[in-house]
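Everything on this sheet refers to the single structure shown next.
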Amino acid sequence: MMFNPKKTAFARHETFQLRYGWLTKGFQSLSKDKKVFEADTATVTLGVGKNMVSSIKYWLKACQMIEANNYEFTDIGKLILDEKGLDPYLEDEGTIWLLHWLLVTNPSMATSFYWFFNRFHKPDFTAQELLTALSDFVKETIVDTKRPSLATIKNDALIIPRMYTQSKGNTRTTLEEALDSPFSLLHLVNQTAGGRSYQSKPEARPTLPIGIIGFAVAQLLQQRGKNIIPIEDLMYSRDNFPTLGSTFRLTETDLITKLEKLVNYIPDIFEVRESAGIHQLFRVNEINPEQYLITHYEEELKGKAA
């Protein structure tokens, strides 16, 4: 979760954005055959081209569904994508928000995505401005001999807005390219009317579930090894840890509202207190972050049953 400039990865997606069904297909294929990605029959099994096989494997790792260094399932991967998991077919929008959090907080496998949502704060930008800013970040931060080439950086700069914006149905766009990524549902990046620039601004996010916020907060505090954090530090990126405000593009008001709801979502875990004029979030009791996900999906199931 914490950014380490010595552990980075750029453009391992083979220029293919994450698509619907890929995580499920890749995960369930792995559950049947741990060597599926290395097999000569991988293209037939997964029903995609050779480069797409590599891309599916990458997105499973980037979204923390499988381990970065092998094909073992992560706990969160099993919890969500197992055949009897909480949402193996990504039918709940909360799952898309969760996957977004897991991707953006994985800087060692998805460095550019971490950078865009935690270090890049320009609300209006062009594709060229995005490329220039990402290139500058790499030059200033990645100082070893493994610094990626400009072509590699460009591939990431192109795929970020493409993966988070909804396609406009351009007649010159192929069907494959027009297929939206599930992340486009979140409206975290939007194309301007003329189509020549983009916007990614803090907004109220009513479709972001409190259960996903709870998971993110609990995981962040766990990683930081803290029980107390100023709300301002949950809002703005000041160190190498991701923040909720930046990652989810939240306004201060909406973040505070969601934290207040979080206090009652699972009682006796978090409290919001003011100390010396500083509003802080306190964790008063330990909790496994995954409990927030279980509670979220249980409530969704109850809602559907009603």
Sparse-neighbour loop sites [chymotrypsin sites (Phe, Trp or Tyr not before Pro); segment 1-50; at most 15 other C-beta within 10 Å; DSSP]: TYR20
Listed residues VAL36, ILE212, MET2: farthest to the positive end of the dipole of the chain (Cβ charges): VAL36
Segment 57-125 - Rg over Rh from alpha carbon coordinates, Kirkwood radius: 1.04
Of every Cα-Cα pair in segment 198-241, the percent that sits beyond 14 Å: 62
The chain - charge dipole about Cα centre, Lys and Arg +1 at Cβ, Asp and Glu -1, debye rounded to 20: 920
For peptides 88-98, 275-285, sequence by mean Cβ density within 10 Å, most packed first: 88-98, 275-285
Leading residue at positive end of dipole, segment 1-115 (Cβ point charges), from GLN17, ILE76, LEU98: GLN17
By average C-beta atoms within 10 angstrom, highest first, the peptides 224-233, 206-215: 206-215, 224-233
Where Rh is the Kirkwood radius over Cα pairs, Rg/Rh for segment 120-259: 1.00
Cα Rg, Dmax (largest Cα-Cα span) when computed across the chain, Å: 19.4, 63
The chain - percent relative contact order, Cα under 8 Å, separation 6 or more: 18
Given charges at beta-carbon only (K, R positive; D, E negative), |dipole| of segment 207-285 in Debye: 200
Amide hydrogen neighbours beyond the local backbone of GLN166, cut-off 5 Å, H modeled: GLN191
Interchain or long-range residues, amide H under 5 Å from GLU203's placed H: LEU250, THR251
Highest-fluctuation residue, SER55, SER167, SER112 considered, GNM on the chain with Cα pairs under 10 Å: SER167
Dipole of the chain, positive direction: furthest Cα of PHE125, THR253, ILE153, with charges on the beta-carbon: ILE153
In Hz, Karplus ³J(HN,Hα) per residue of segment 101-106 (6.51, -1.76, 1.60; θ = phi - 60°; x = Gly, Pro): 4, 5, 5, 6, 9, 10
Integer Hz, Karplus 6.51/-1.76/1.60 couplings in order for segment 126-136, x for Gly and Pro: 9, 4, 5, 5, 5, 4, 4, 5, 5, 4, 5
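Values quoted throughout were computed directly from the atomic coordinates according to the rules given, and no laboratory measurement underlies them. All values derive from a computational prediction rather than experimental measurement. Glycine also receives a Cβ, built like all others from the backbone with ideal geometry; neighbour counts cover every protein chain displayed.
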